[in-house]
């Protein structure tokens, strides 16, 4: 049974590793976990001794298969709890992350499986992220892309976000770009690459930063 600290480190490496092919740097881990790089180095050495990560100085850290299994289990728990909080306790999607951070460490595997069954075995969490199954498989075949990759005239359906911070989610609420929203890219402005969208027959202008962090499935006209 891994400690909560170990689980947090492994989940952090897993999340950061999914965005790159190389090892995850100590500085990136330290920034995500809000700790000192020296503390991260010490922990990585401990995780390496437990055969949970592969770590070489200046080359960063990658998860071993054992480390990945633990990390994916924590991700599964976290996302299932977010579904529970939104669907059963009426929390908003911008309110659940911190609570799920605590709950993800609670309960044995059979308890989490019962939670999964109770929720109807959901495939995605409230932010559109795929939920690993009990075997650690991610069955996401949606081929989601950032709004920024669309060309004028293309349509998309919002299915997820890259940034799940409360500030970003609250912004999306304010401009009615929630999961399931359908949009049409009308124009890309050359000055700052901001985008003019048509959302439910209503115009929305979003920045390039928002466009890079909002995921859609392309739709045919």
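The values are calculated or read from the model by the stated rules, or taken from the named source; none is laboratory data. Remember, it's a predicted structure, so these values are computed and weren't measured experimentally. All Cβ positions, glycine included, derive from the backbone under ideal geometry; neighbour counts span all protein chains shown.
May I ask you to list the residues in region 138-159 that are in contact with a helix residue (DSSP H, G or I) (Cβ under 9 Å, 6 or more places away or on another chain) and either at pLDDT below 95 or part of a strand (DSSP E or B) (or both)? Those that are in contact with a helix residue (DSSP H, G or I) (Cβ under 9 Å, 6 or more places away or on another chain) and either at pLDDT below 95 or part of a strand (DSSP E or B) (or both): 138, 146, 156, 158. Taking the criterion of being closer than 23 Å to residue 16 by Cβ and assigned to a strand (DSSP E or B), would at least one residue in region 181-198 satisfy it? Looking through region 181-198, none of the residues is closer than 23 Å to residue 16 by Cβ and assigned to a strand (DSSP E or B). Taking region 93-114 as the range and being surrounded by fewer than 17 Cβ atoms within 10 Å (Cβ to Cβ) and within 27 Å of residue 178 (Cβ to Cβ) as the test, the residues that pass are 98, 99, 101, 102. For residue 173, the stated conditions hold: it is in contact (Cβ under 8 Å) with a residue 12 or more places away in the chain, under 21 Å from the mean Cα position of the chain (by Cα) and not in a loop (DSSP other than H, G, I, E, B).
For every residue, the table says whether it meets (1) closer than 20 Å to residue 165 by Cβ; (2) in a helix (DSSP H, G or I).
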residue: 40; (1), (2): no, yes
residue: 55; (1), (2): no, no
residue: 80; (1), (2): no, yes
residue: 84; (1), (2): no, yes
residue: 92; (1), (2): yes, no
